[in-house]
Amino acid sequence: MSTHLSSDEIRTRFSSAMSEMYREEVPQYGALLELVADTNAAVLSSQPALQAALQASGDLERLGIERHGAVRLGTALELAQARRIFAVMGMEPVGYYDLSVAGVPVHSTAFRPVTDQALAANPFRIFTSLLRLELLADPALRAQAREILAQRRIFSERALALTALCEAQGGLSDALADEFVAEVRETFRWHQQATVDAQTYHQLHAAHRLIADVVCFRGPHINHLTPRTLDIDAAQREMPLRGISAKDVVEGPPPRRHPILLRQTSFKA
């Protein structure tokens with residue numbers, strides 16, 4: 001009998017750890033989770049048919065734990081290491097998105113579970129972007145940014161060692177999985193202090209604020225986590241009533257009886 005923890009369980013522990021960390025860093029996120037939970041409970045209470053359908057599909061149990069996160073990486077090496085680390089959690093790169101057409105100097109993929117069984121266990125995904133320094137017009141500033149990024153290592157040696165161990169033996173024990181989650185979580189923690197001087201930061205920020213955000217810090221902090229709500233319009237109306245500064249509008253198509261496209265909103269950082 002295998003003593004290895006399933007990748008689904010490791011992913012669940014990781015998503016919970018990320019949520020806990022983000023609530024500590026961004027108190028409004030904790031308030032948003034409470035608001036979403038209240039909104040979902042009200043919807044389920046008023047729509048018993050929806051509650052029954054969610055129960056039958058297994059979605060009801062995961063309603064409160066579903067999360068979508070996003071991070072931005074600086075180098076191809078960081079992306080290669082992230083791919084290995086996310087694989088420990090059963091997350092594979094799905095899709096390709098060239099965001100430069102929207103004026104954002106990155107291209108992206110989403111690391112997520114891909115099988116029906118894994119998605120049912122925990123659908124947590126991380127939208128992962130890679131900085132495209134070739135889109136930085138100033139060659140001297142581009143070279144300086146590359147040099148800065150080349151000096152950093154975003155994953156700890158222990159996180160990489162545990163990843164290699166998982167690859168070699170096909171999994172991790174319960175205790176090692178907890179250690180792995182704790183080590184990887186630190187990669188995505190917010191760092192208040194930049195690794196460059198103010199002049200360099202402002203030069204990069206003037207080129208594009210996202211470039212400064214990626215290049216000038218020790219690691220790629222999680223830039224958002226997203227709970228799932230059954231009524232996003234109700235959540236949008238409730239946010240200012242609870243002292244949460246919401247975006248002006250819900251992004252995406254207007255409401256429809258059978259939603260087919262993502263709608264999203266957020267509070268202002």
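The values are calculated or read from the model by the stated rules, or taken from the named source; none is laboratory data. Predicted model only: the values in this text are computed from it and were never measured. Backbone-built Cβ (ideal geometry, glycine too); neighbour counts: all protein chains shown. Keep in mind that these areas ignore ligands, DNA and RNA; they rest on the heavy atoms of the full protein, side chains included. Shrake-Rupley method; radii C 1.70, N 1.55, O 1.52, S 1.80 Å.
Assuming R0 = 41 Å, can you tell me the calculated FRET efficiency for the pair D116 and L33, based on Cβ-Cβ distance, to the nearest 0.05? It would help to have the intermediate numbers written out before the result.
On the way: r = 27 Å, r/R0 = 0.65.
Step by step, r from the Cβ atoms, then E = 0.95.
Please report, in debye to the nearest 20, how large the charge dipole of the chain is about its Cα centre when each Lys and Arg carries +1 at its beta carbon and each Asp and Glu carries -1 there.
Computed charge dipole of the chain: roughly 540 debye.
With r defined as the distance between the Cβ atoms of S57 and L135 and R0 fixed at 41 Å, what FRET efficiency is calculated, to the nearest 0.05?
The value I calculate is 0.45.
Mind running the shape call on the range 139-225? Use the C-alpha gyration tensor, a ≥ b ≥ c as the square roots of the eigenvalues: rounded below 1.5 for a/c, prolate if a/b tops b/c, oblate otherwise.
Note, shape of the range 139-225 comes out prolate.
What trypsin sites (Lys or Arg not before Pro) does the range 131-176 have in DSSP loop regions with at most 10 other beta carbons within 10 Å?
none
Ordered by residue, what ³J(HN,Hα) values in Hz, to whole numbers, does the range 46-58 give under the Karplus form 6.51 cos²θ - 1.76 cosθ + 1.60, where θ = phi - 60° and Gly and Pro are x?
3J(HN,Hα) across the range 46-58, in whole Hz: 8, 10, x, 5, 5, 4, 5, 5, 5, 5, 5, 8, x.
In deg cm²/dmol and to the nearest 500, what is the mean residue ellipticity at 222 nm of the chain if only DSSP H runs of at least 4 residues count, each as -39500 (n - 2.57), divided by the residue total?
Using -39500 (n - 2.57) per qualifying helix, the result is -15500 deg cm²/dmol.
If packing is taken as the mean number of other Cβ atoms within 10 Å per residue, what is the order of 259-266, 104-111, highest first?
For the peptides 259-266, 104-111, the packing ranking is 104-111, 259-266.
Between K247 and E157, how high is the FRET efficiency from 1/(1 + (r/R0)^6) when r is the Cβ-Cβ distance and R₀ = 45 Å? Nearest 0.05.
Details: r = 40 Å, r/R0 = 0.89.
Calculated value: 0.65.
Could you give the accessible area per residue of the chain, probe 1.4 Å, as a whole number in Å²?
53 Å²
With N set to the residue count of the chain, report its C-alpha Rg divided by 2.2 N^0.38 Å to two decimal places.
My calculation over the Cα atoms of the chain gives 1.08.
Over the chain, what percent of the accessible surface lies on carbon and sulfur atoms, probe 1.4 Å?
53 percent
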